[in-house]
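A.B. asks: For reference, the structure I am asking about is given below.
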Amino acid sequence: MKYTLNKTWLDIDVDSLFVKTIQEFFDNYIPSKKVQHLLIQNKNILLDGNPVKREDDIVGLKLNINIYPETYNYEKIKNTIDVVYEDEIILVVNKPKDLIVHSDGTNDLTLTKMVESYYADKNYISALPIHRLDKETSGLVVFSKSVVFQPLLDKLLSEKQIRRNYLAFIKGKVEEGKTFVINKPIGNDRHNSNKRIIYKNGQEAITKVKCVACNKAKDYSVLQCSLDTGRTHQIRLHLSSEGYPILNDELYGVKSEICQRMGLFADNLEMYHPLKEDNLFIDANLPADLSKIYMEALR
């Protein structure tokens, strides 16, 4: 798709699209019926400057969409975010450890509030995370900047066109280069609401693992993990169930003096960009403490 952004309006080169009608455009780029309805009702999608109907032919006309149709009352705070990637509809930030993504009713500061503050001077941009990380896990989190394209990003995530990859620092020696797949369903722990368990009638959960480094002297390894599913605590529980507990994971792992945090980091992600029609590969820099022990394992 070829387009230009004029503040809140996306001006689309219709000749770059493989669709002929407004409804076909909706089907490909805006899967939410509610968002489709609101765009038409509020005149936030136009053809040659005129309101549209679903059956309207778009060929040869100028298509414009207000992709930031709402305004928000964001609070400006002092905390800053580590922006790794940003474009018209996507923001990717590097979440620090010990910070929740969105409010659970008990914490004042969240990653979402920090992103909202980042857009305090552009309060028409949304700050909606399309996935989450556990409080103790650091690394990449994707936010949607546009409520119009949020449903499409959600769809891409559910269809596994957004793949998240992690580095896990675990106790034990794993042969470098070894690969394996953990396919164990996950369910709730009835005795501890904060935990999950391997449960035969639970949700399907698949984790692909490769060992990228091993420090035999200190008895730890670094595993690269990719998710085919995104269950709560999936990597932490799966690795523990295989005898590879994550360092300093208070729920499923083991205490360790090797690092001063939980040894799990959302290292990179791969995703198909629906507007640019290309694949993005986004990497985060390892925190200094994890980078140090990673390099020690490579020696």
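The values are calculated or read from the model by the stated rules, or taken from the named source; none is laboratory data. Predicted model, so just to flag it, every value in this text is computed and none were measured. Quick reminder, even Gly has a Cβ in these numbers, built from the backbone with ideal geometry, and neighbours come from all protein chains shown. The protein model used for the area step is the full one, side chains on, heavy atoms only, and it has no ligands, DNA or RNA in it. Shrake-Rupley method; radii C 1.70, N 1.55, O 1.52, S 1.80 Å.
A.B. asks: Considering Cα pairs under 8 angstrom that are at least six residues apart, work out the relative contact order of the chain and quote it in whole percent. Write out the running numbers ahead of the final one.
C.D. replies: Details: 623 pairs, mean separation 43.6, N = 299.
Once normalised by length, the contact order is 15 percent.
A.B. asks: While we're here: What distance in nm lies between label points placed 7 Å from Cα along the C-beta direction at Glu296 and Lys155?
C.D. replies: 4.8
A.B. asks: Starting from the Kirkwood Rh over alpha-carbon pairs, what translational D in µm² s⁻¹ does the chain have by Stokes-Einstein at 37 °C and 0.692 mPa s?
C.D. replies: Working: Rh = 21.1 Å.
Result for D is 155 µm²/s.
A.B. asks: Quick one: Cα centre-to-centre distance for segment 138-197 and segment 27-101, in angstrom?
C.D. replies: The two parts, judged by their Cα centres, are 25 Å apart.
A.B. asks: To continue, here is another question. Filter Lys20/Lys62; Lys160/Lys208; Lys135/Lys218 down to the pairs with a C-alpha to C-alpha distance above 18 Å, please. Display every interim value, and only then the final one.
C.D. replies: Details: Lys20/Lys62 12 Å; Lys160/Lys208 14 Å; Lys135/Lys218 27 Å.
The answer is Lys135/Lys218.
A.B. asks: For segment 67-210, what is the relative contact order in percent, using Cα pairs closer than 8 Å and at least 6 residues apart in sequence? Please list the in-between numbers first.
C.D. replies: Numbers: 230 pairs, mean separation 28.9, N = 144.
With pairs under 8 Å counted, the relative contact order is 20 percent.
A.B. asks: What fraction of the DSSP beta bridges in segment 206-299 is antiparallel, stated in percent and rounded to the nearest 5?
C.D. replies: Values: 14 of 15 bridges.
Given both bridge residues lie in segment 206-299, the antiparallel proportion sits at roughly 95 percent.
A.B. asks: Please tell me which of these pairs span more than 24 angstrom C-alpha to C-alpha: Lys7/Lys43; Lys33/Lys113; Lys95/Lys200? Intermediate results must be reported in sequence, preceding the final value.
C.D. replies: On the way: Lys7/Lys43 17 Å; Lys33/Lys113 28 Å; Lys95/Lys200 33 Å.
Exceeds cut-off: Lys33/Lys113; Lys95/Lys200.
A.B. asks: When the helices in the chain are scored as -39500 (n - 2.57) per DSSP H run of 4 or longer and the sum is shared across all residues, what 222 nm value do you end up with, to the nearest 500 deg cm²/dmol?
C.D. replies: On the way: 6 runs with 53 residues, N = 299.
Calculated mean residue ellipticity at 222 nm is -5000 deg cm²/dmol.
A.B. asks: Separate question: For the chain, modelled as a GNM with alpha-carbon contacts under 10 angstrom, which of Lys33, Lys95, Lys173 fluctuates the most?
C.D. replies: Lys33
A.B. asks: To the nearest 20 Debye, how big is the dipole of the chain about its Cα centre, given +1 on the beta carbon of each Lys and Arg and -1 on that of each Asp and Glu? Mind dumping the intermediate values first?
C.D. replies: Values: 41 positive and 41 negative charges, 196 e Å.
My answer is approximately 940 debye.
A.B. asks: Would you mind counting up the charge near Cys259? Only other residues with Cβ under 9 Å from its Cβ, with Lys and Arg at +1 and Asp and Glu at -1.
C.D. replies: With Lys, Arg at +1 and Asp, Glu at -1, the net is 0.
A.B. asks: Across all directions of projection, what mean area in square nanometres is found for the Cα convex hull of segment 173-255? Please report the intermediate quantities before stating the final value.
C.D. replies: On the way: hull surface 21.5 nm².
Hull-based average projected area comes out at 5.4 nm².
A.B. asks: Could you identify which residue out of Pro31, Pro51, Pro69 has the top mean-square fluctuation in a GNM of the chain using Cα springs shorter than 10 Å?
C.D. replies: Pro51
A.B. asks: Carbon and sulfur atoms: what percent of the 1.4 Å accessible area of the chain do they account for? Intermediate values should be presented prior to the final figure.
C.D. replies: Numbers: 6860 of 15150 Å².
The C+S portion of the solvent-accessible surface of the chain is 45 percent.
A.B. asks: Can you list the HN-Hα couplings for segment 135-148, worked out from phi with the Karplus curve (6.51, -1.76, 1.60; θ = phi - 60°), rounded to whole Hz and with x for Gly and Pro?
C.D. replies: For segment 135-148, the Karplus curve yields 3, 7, 8, 9, x, 6, 10, 9, 10, 8, 8, 10, 5, 5 Hz.
A.B. asks: I've got another one for you. With springs only between Cα atoms under 10 Å, which of Asn201, Asn44, Asn64 fluctuates most in a Gaussian network model of the chain?
C.D. replies: Checking each option, the largest mean-square fluctuation is seen for Asn201.
A.B. asks: Where does the charge balance sit around Pro31 when Lys and Arg score +1, Asp and Glu -1, over other residues with C-beta under 13 Å from its C-beta? List each step's numbers first, then the result.
C.D. replies: Numbers: positive: Lys33, Lys34, Lys155; negative: Glu24, Asp27, Asp154, Glu159.
In short, -1.
A.B. asks: If you take every residue apart from Tyr3 with its C-beta less than 9 Å away from the C-beta of Tyr3, what net charge results, scoring Lys and Arg +1 and Asp and Glu -1?
C.D. replies: Values: positive: Lys2; negative: Asp11, Asp13, Glu88.
That works out to -2.
A.B. asks: Hey, another quick one. Given a 1.4 angstrom probe, what's the average accessible area per residue across the chain, in square angstrom?
C.D. replies: Numbers: 15150 Å² over 299 residues.
Result: 51 Å² per residue.
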